[in-house]
1. Arrange the peptides A:43-50, B:389-396, B:114-121 so that the one whose residues have, on average, the most other Cβ atoms within 10 Å appears first.
2. Residue farthest toward the positive end of the dipole of the protein assembly as shown, with Cβ of Lys/Arg at +1 and Asp/Glu at -1: which of B:G287, B:V230, B:V116?
3. Under 5 Å between amide hydrogens, which residues at least 5 positions from B:G418 or on another chain qualify, with H placed 1.01 Å from N in the peptide plane?
4. Please compute, for peptide A:44-56, the average count of beta-carbon atoms on other protein chains lying within 10 Å of each residue's beta-carbon.
5. Taking all protein chains as present, what is the carbon and sulfur share of the accessible area of the protein assembly as shown, in % to the nearest whole number, probe 1.4 Å?
6. Hey, what number do you get for the protein assembly as shown at 222 nm if only DSSP H runs of n ≥ 4 count, each worth -39500 (n - 2.57), divided across all residues, to the nearest 500?
7. Amide H neighbours of B:I282 under 5 Å, at least 5 residues apart or on other chains, H built in the peptide plane: list them.
8. Toward the positive end of the charge dipole of region B:156-308, about the Cα centre and with charges on Cβ (Lys, Arg +1; Asp, Glu -1), which of B:N210, B:W248, B:T266 goes farthest?
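The values are calculated or read from the model by the stated rules, or taken from the named source; none is laboratory data. All values derive from a computational prediction rather than experimental measurement. All Cβ positions, glycine included, derive from the backbone under ideal geometry; neighbour counts span all protein chains shown. The accessibility values were calculated without ligands, DNA or RNA, using every heavy atom of the protein model including side chains. Shrake-Rupley method; radii C 1.70, N 1.55, O 1.52, S 1.80 Å.
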Amino acid sequence: MRVSHLSFNIIYKQMKTVVRNYKDEYYPPIPTKSTKFWRVSFIYQFYKFLKLNFKIMRIVVKGHS
Amino acid sequence: MARVIVLGAGISGHTAASFLKKILGKKHEVIVISPNSYYQWVPSNIWVGVGKMSIDQVRFKLDKIYKKWKIDYKQAKAISINPEGNQDISKPFVSIQYVAGEKAGTLENVEYDYLVNATGPKLNFEATEGLGPDKNTVSVCSYDHASHAYTEFKKSVELMKQGKKQKFLIGTGHAMATCQGAAFEYALNIAYEIKKLKLSHLAEITWISNEYELGDFGMSGAFVKRGGYVMSTKIFTESIFAENNVNWIKRAGVYKVEPNKVYYETLAGEYKTVDFDFAMLIPGFAGQGIKAYDKTNQDITSKLFAANGFMLVDADYTPKDFEDWSIDDWPENYQSSAYNNIFAPGIAFAPPHSISKPTKSTNGTAIFPAPPRTGMPSGVTGKIVAQNIAHIIKSGKHEFKHTASMGRMGAACIISAGYSMTRGLGATMTVSPIVPDWEKYPQWGRDVNATVGEIGLAGHWIKLFLHYMFIHKAKGYPFWWLLPE
C-alpha cells in the first residue's frame, strides 16, 4: 500500500511521544551493541568461563578452614 | 557406637549426612529424618519455573542413595527435641511423626548422641495475607511451586499471543523477606523468554522489593570492579533491569495480596497498590516450629530457638546498633548455645542480625531484607559440622577443627538471565566475605579483587555446569567427596 506524504504526516502527528527521562529506568548504563556482542561471543566467553571458574574456586578454597 | 541424627535432607542436611557417613563408616550410625522423599537442587528451580527443566531434572529419590550409603532414612517430620531425655528415656531424643508409607501418622522417639538440625526454612506464606501458590501468587522456592509457576506463566503467554497485555510482578512478598537473588533470576528469565517469543511489547514487568536500593540482595549490596570503576551492585542491577525493560518498586513491604492486586507500604509510610496478572513473590522465612522440652517435660523452646523458630548457636545475639555490628557476631561452628551435642548448619541457625541495614517506615514497620543463606554457605556449614562431629566422636576431644563464619567465607552466586547454550546469559557474582568486614576492608566492606559481577554466556555455562556437578555430588557418584560445596 502506498502511503501519501499527507497521510504519513497525519499518522506521525498521532503517534504519542514518549519522554523517557525523569524516570528511574532512564538513568542506569545500557550496554552498547559491542558489549552485547562480547557477552555471547563463544571464544571470549570460553575464556571468561575459565577465568570465572578460577575466581570461584579461589573463594571456595579460601572460604573455610 | 555413636548415633548421629540429621534433621533435614536439603543442601546442608544431605551434605552433613554424606560426610558423616563417609568419615564415621560402619562403626557409627547416621540417621536422616526428613518429611521429603526427594532431594532437590534448589538453584535450578528457576529453570523449572520457565519450562527449561523438568521437575525430574532437579530432584531425585533419597531412599536409594541412603540405602547405598547405609544411612537409615526415616520419612518423617520432627515434632520436638528432648535434649536431656525425659523421665522414661535417659538419652536425648527427637520425637518424630512419619508422613508416608505404612507408618504414616505414627509417632516415634529416636535417641541420639549428636543432633544436626538442618531443617531449612519454613516458607511462611501465612505471614502475608493472600500470598502463596494456594492463593493469589506463585513461587519458585520448591520444584512443585516452580512447576506451578510455569503453568501460570504459560497462561499469560497464551493471552499475550492473543494480543492481550499482561502485567508481571516479581520480587519479595513480605516486608522482611530474603532470597532477592532467586526472584531477580526469575524476573530476568521471564523477560528473556518473553523477548524470545517477540511478545515484549505486550508485557509490563515490574520488580517489587524490600531492598533500600536495588542490588542489596539482603547482603548490604556489594562493590565490583567494572569498566575501570569500582561500582555498586545497585548500578549493576538497575542496568540489567533497564536493559530488559523491567520497572522497579523498591523500599516496599508487601502486606496483602488480592486477586490481581498487591498492597504494600513504603519506607516513606505510604500505602500503595500495584496490579498484576502474574505475580511471583518470595515469602518470608521462619524456622520449622520444632518444640523443645527438658527432662521434666517443661517447655524450653525459647532456650534452643529464637522467636522466629531458628536455632540459637555460637553467635553473639547481644542487641547492637548497625554501626557496632562485627563479623565476630557471626557463628563459626554452629553449635547450639544451650546443648553442645546439637548443631544447626545451613538456614536452620538464627543469624545474630541482618546484613542489610535495618530500616523502618514512618509507621514503624520494619522493611528490609533478612540475611540470605544461599547454597554455598549451606553446603559448607553442613560439611564442617559433619567434620567436627566426626572428629569429636573419633577422638573423644570436644574441639572444633573446622570453622566457617559467614564473616570470613566468600560465596558465589550465579544468576541465570536466560537459558540457551549459545545465546543464554548469566550474571556471575562473587563476594568475599559474605558479611561485610568494615575493619579489614574499610573502603568497600569486602575484598574488591575477589568480588565479581559479570554478565555473559559464560555465566549460563557455569550455572548449568554447577547444576550437573552438584547433582553428581549429591547422588554420590564417583569421587563425589572431591567436589567442593
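1. Most protected by this proxy first, the peptides run B:114-121, B:389-396, A:43-50.
2. Working it through, the farthest residue towards the positive pole turns out to be B:V230.
3. Here B:L425 satisfy the definition.
4. Mean number of neighbouring Cβ atoms from other chains: 6.
5. In the protein assembly as shown, the share of accessible area belonging to carbon and sulfur is 54 percent.
6. One gets -9000 deg cm²/dmol as the mean residue ellipticity at 222 nm.
7. Here B:G171, B:T172, B:G173 satisfy the definition.
8. B:W248
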